[in-house]
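This report refers to the structure that appears directly beneath it.
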Amino acid sequence: MYQVKIAPSILAGDYAKMGDTVRLLGENGADMVHCDVMDGNFVPPITFGAQMVKSIRPYTNLSLDCHLMVANPEKQIELFAAAGADVISVHVEACSGALLKTMKRIRELGVKAAAVVNPATAIEEIFPAVEFADMLLVMSVVPGWGGQKFIPESLKKIETLREFCLKNGKGELDIEVDGGINEGNVKSVISAGANVIVAGSAVFRSENMAETIARLRGV
Ligand code: DX5
Ligand code: ZN
């Protein structure tokens, strides 16, 4: 029904050579590059900003999928658009009521817009974004760190969201899931209705990146 896309997260990559890391992902069959942006405010760690996206842009033609785990994301979107982001995802919890305005602005800049919902947030919070979204992101771990355990309650949220999209004429919308996904649980995530799979540790800890990416996609 949906094309399954694998978006390895460079959170787990080597920051000293991120260009090569991103090129490697493309050579090993990744569909997108998931860029986990953290500001030390919305989440405790700090990773990188738009400058990193600008630097890695020339190393890949894959879609740069920028997950903004930042406070006041509306202040960042022009910078990420200029840096070459293909998708910008903003958290419901960080937009304090301006989620739709922020998503519309992302689209005005020619970038795909996505809304993100945290594990503790009810999935209904993201429903208003469906109309203006190119993708929806359901967090299956508490944002901030890679290598965490998948939160099983996420499956029900994914099902409910996919059902809502289907009922509202947006059945083809990409639903991305981020956190704790590996070969052991990816099938349940996809059958729940997700089709874009973020994987950091599972890909970067793998002995054979290409094989792991293919297995996550289910081929
Ligand atoms: C959390 C990050 C992680 C990361 C995936 O803020 O968004 O979910 O991308 O990490 P793994 O695949 O190692 O759980
Ligand atoms: Zn992420």
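A few points about this structure:
- Within region 64-118: Cβ-based charge dipole about Cα centre, in debye rounded to nearest 20 (Lys, Arg +1; Asp, Glu -1): 160
- Of all DSSP-defined beta bridges confined to the chain, some 5% are antiparallel rather than parallel.
- Rh by Kirkwood over Cα pairs, then Stokes-Einstein D for region 68-192 at 1.567 mPa s and 4 °C, µm²/s: 88
- Calculated over the chain, the projected area of the Cα convex hull averaged across directions stands at 10.6 nm².
- Three-way shape call for region 1-49 based on the alpha-carbon gyration tensor, with the a/c threshold at 1.5: oblate
- Other residues within the sphere of radius under 13 Å centred on the Cβ of GLY49, judged by their own Cβ, net out at -1 (K and R +1, D and E -1).
- Taking each DSSP H run with n ≥ 4 as -39500 (n - 2.57) and averaging over every residue of the chain yields -8500 deg cm²/dmol at 222 nm.
- Local charge for ALA115 was computed over the other residues whose Cβ lies under 14 Å away, with Lys and Arg +1 and Asp and Glu -1, and equals -3.
- Across all C-alpha atoms in region 1-131, the radius of gyration and Dmax reach 14.4, 40 Å.
- Here region 147-210 is treated as a sphere whose radius is the Kirkwood value from Cα pairs; by Stokes-Einstein at 37 °C and 0.692 mPa s it diffuses with a coefficient of 264 µm²/s.
- Exceeding the 21 Å Cα-Cα cut-off - candidates LYS5/LYS170; LYS5/LYS104; LYS54/LYS170: LYS5/LYS104; LYS54/LYS170
No value in this document is a laboratory result; all are computed from the given coordinates. The structure displayed is predicted, hence computed values, not measured ones. Please note: Cβ atoms are built from the backbone with ideal geometry, for glycine as well, and neighbour counts cover all protein chains shown.
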